[in-house]
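The values are calculated or read from the model by the stated rules, or taken from the named source; none is laboratory data. Only a predicted model underlies this, so the values are computations on that prediction, with no experimental measurement involved. Because the Cβ atoms are built from the backbone with ideal geometry, glycine has one as well, and the counts that use them run over all protein chains shown. Heavy atoms of the whole protein, side chains included, go into the accessibility calculation; ligands, DNA and RNA do not. Shrake-Rupley method; radii C 1.70, N 1.55, O 1.52, S 1.80 Å.
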Amino acid sequence: MNVSALLTSAGINIGLCVLFLSLYSILRKQPGNVSVYFGRRLAQEHIKHRDSFSFDRIVPSPSWIKKAWECTEDEIMSIAGLDAVVFIRIIIFSMRIFSVAAVICIFVVLPLNYFGQEMHHKHIPSESLDVFTIGNVIQGSKWLWVHCLALYIISFSACILLYFEYKKIAKMRLSYISRSPPNPSHFTVLVRAIPRSAEESFSDAVQTFFTKYHGSSYLSHQIIYRCGKVQKLMNKAEKIYNKFVDLKVTTACHASVSSRIRCGLCGGTSESFKIYHSVNEDKKRDLDQIDSNIKPKECAAAFVFFKTRYAAVVASHVLQSSNPMVWVTDLAPEPHDIYWSNLWIPYRQLWLRRIATLLAAIVFMILFIVPVTLVQGLSQLDQLQQTFPFLKSILKKAFVSQLVTGYLPSVILQLFLYAVPPVMMLFSAFEGFISHSGRKKSACCKVLYFTIWNVFFVTVLSSSVISQINVISSPKGIPTQLAKAVPRQATFFITYVLTSGWASLSSEAMQLFALICNVFKKYILRSKDDSDSIPSFPYHTEVPKVLLFGLLGFTCSILAPLILPFLLVYFFLGYVVYRNQILNVYCSKYETGGQFWPIVHNTTIFSLVLTQIIALGVFGLKESPVASGFTIPLVILTLLFNEYCRKRFYPVFKNFSAEDLMEMDRKDEQQGLMEEIHQQLQSAYCQFSLDTKSISIDTQELCEGEGSRSMEAGNSINNLCEGEESSVMEAGSNKNTQEGRRSKNPEVVVHPTLGVGLPISRLKQAVISLTMLSALHDRSQSK
């Protein structure tokens, strides 16, 4: 590839970036796109938008960049949590280290590479990019010590910055844990593999065991039930309830307009449907049929609550039995972070699932080698023309050849990579993680390993596979092969940064997929914005992407320094775009407490060591014993630094300290908060958390006016339509109906974690009725 092909790729990506960001600055101002570009603020801050037209709405403006840049770290912490701050710190670290690398390598190393041997240089646009790499330096050159010195400066700078970042984030994590409000997960232990007994239930076994061995600290427990159908019904019911709460204002405020909705089953109008108050006695006798197929089943797992944080942590780390396969304890995730379906998995299956997941991931990585190798063939015109002779006339055109070699390979590879994160999320879910954050963290690691293997190693070695049949004769020859192949593939990595970096950031800001879905929902399905569909930040895709670019920056810094300016543009643009997305778009649904940073640290150390090993191989090929000799101690020093950080900081991210936990317990006891915390524990881990109190509607909030409809909400919702002969039921139902229900008094099937009332079959009927009414209301509103 020559410089003109690189400029073609850069021009295309710069044009796409300018286009997407300009469209974004216009589309974000349109009232119909509020749910796409301000989803978090719409859900958490309840912002309102004006529909009035103004000229400013159709003119691009960079005001969002200024707002994102000026936002402080404390504001991000309060809005999105510690994980978002850690992600921004990754970007800041990358900006700092590659700024240092760019200054050294662009102004010192790059001229040495360009004039590395005596040759006639062409005009710059026609110059091959290989002359800017270390491959252009002659063997035995006396200037290779400059490359070694630059490697030392970059490595020491990276280690110093890593140390201070690790130290700062560790302090932030400790402060986040100690200063946050009382967290139910700190008092709760998840117990799995409870031994089955014919004499007593799982609940009795848990109570007996923990009363006997943890009597002084044991508070209570809650058995986990396997009721997947019930859980789906509860989640759907909660969404329908919330939708009715959102609709009650619009329904009442449009009372002056004579708009009636006809029920397709009973023929009643919208004015006939009223949700009424019901007392607990009515809940207990409203069931006519029992769905015997949906009965709760106890699982061999339970949440056990302790009186103090310290007692819970001790119980979670101590081996509870001489048989390590029973009474397995772990600290429970936060209530909204629990991945309920994986709690039902028998503990003895987990190791089989992990092995199966590992094998499936390996097979997937191997199969992905095929498209990566085919993509690399596009960057080599000579072999492409030999394989497909009919393309010779087309590839002779300058623009076509520049497009094929400089733009298409990275675009095609990026399209293939879009399928990786969903597959890895599926693997992580099958693996058996008990929390959403744990699943996302595991998927992040899998995507990271996958991208490093396929984008870096397979890409580097596939070029040698095309030109040589036997690329690696033995494992000892891998550094030498990498030293030969990496400089040759540096040009592809530059175009990959342009395509997967610049263009992906602009498309991230524009939210193209969410925008299309929003248009489809609003103008085709005629549905309204749903606050439950606000996405969470995709750490499992963005963290590996940033770390991969860091790997490419380190490995190519002294070998092909031309990549560094493009990387810096990516990180500075990413700093603004990601801050904007965190502030406006993504909603923080669960938190890991900054546990992504150890992944970042380990990956950065791996990148540094890999860079040093490749440089060692290059110095060996260039016959520079001085540079090779000084590189070996650098590898050892980097590994020692990593070991020190692992001993000094990593335990803070893995465990809680007794000092902090006991101090928090003592503080809560002095403030008299312990009793209140203990009372909230049982309800915090309710398996079906339908909060009917949040659904109650105050009739005084409704708009007044002639013909206004009133809706009264209570703690339960009766069936509104029961077939073609169903009648509309209001708060003042007649006496005969009430007495008829009392006489039946059936045996009600109620889930134990739901408290009193709310039978299962009744819930199912309510969900169906409410879904129908919501659809009818949306249809009438669209008309």
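Computed quantities for the displayed model
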read-out	value
Diffusion constant of the stretch 585-666 at 37 °C, which comes from Stokes-Einstein with the Kirkwood Cα-pair radius and 0.692 mPa s, µm²/s	206
Accessible area (Å², per residue) of the stretch 425-465, counting only protein heavy atoms and a probe of 1.4 Å	28
Given charges at Cβ of Lys, Arg, Asp, Glu: the stretch 505-628 dipole, positive-most of Ala560, Asn602, Leu505	Leu505
Per residue value of the accessible surface for the stretch 596-638 (all protein chains in place, 1.4 Å probe), Å²	34
Heavy atoms of Arg89 accessible to a 1.4 Å probe, total area in Å² rounded to 10	20
Pairs from Lys440/Lys545; Lys440/Lys667; Lys307/Lys441; Lys29/Lys522; Lys446/Lys654 whose Cα-Cα separation, in the structure shown, is over 22 Å	Lys440/Lys667; Lys307/Lys441
Solvent-accessible surface ranking, highest first, for His186, His336 at 1.4 angstrom	His336, His186
For the stretch 413-421, 3J(HN,Hα) per residue [Karplus equation, 6.51 cos²θ - 1.76 cosθ + 1.60, θ = phi - 60°, Hz, x = Gly/Pro]	4, 5, 5, 5, 6, 5, 7, 6, x
Geometric extent, Cα atoms of the stretch 492-542 - Rg, Dmax (angstrom)	14.9, 45
Karplus-derived HN-Hα couplings along the stretch 577-584 (A = 6.51, B = -1.76, C = 1.60, θ = phi - 60°), whole Hz, x at Gly and Pro	5, 5, 5, 5, 5, 5, 6, 10
Kirkwood-type radius of the stretch 74-230, with distances r between different C-alpha atoms, in Å	22.5
Surface accessible to a 1.4 Å probe, Trp69 within the full protein complex, Å²	130
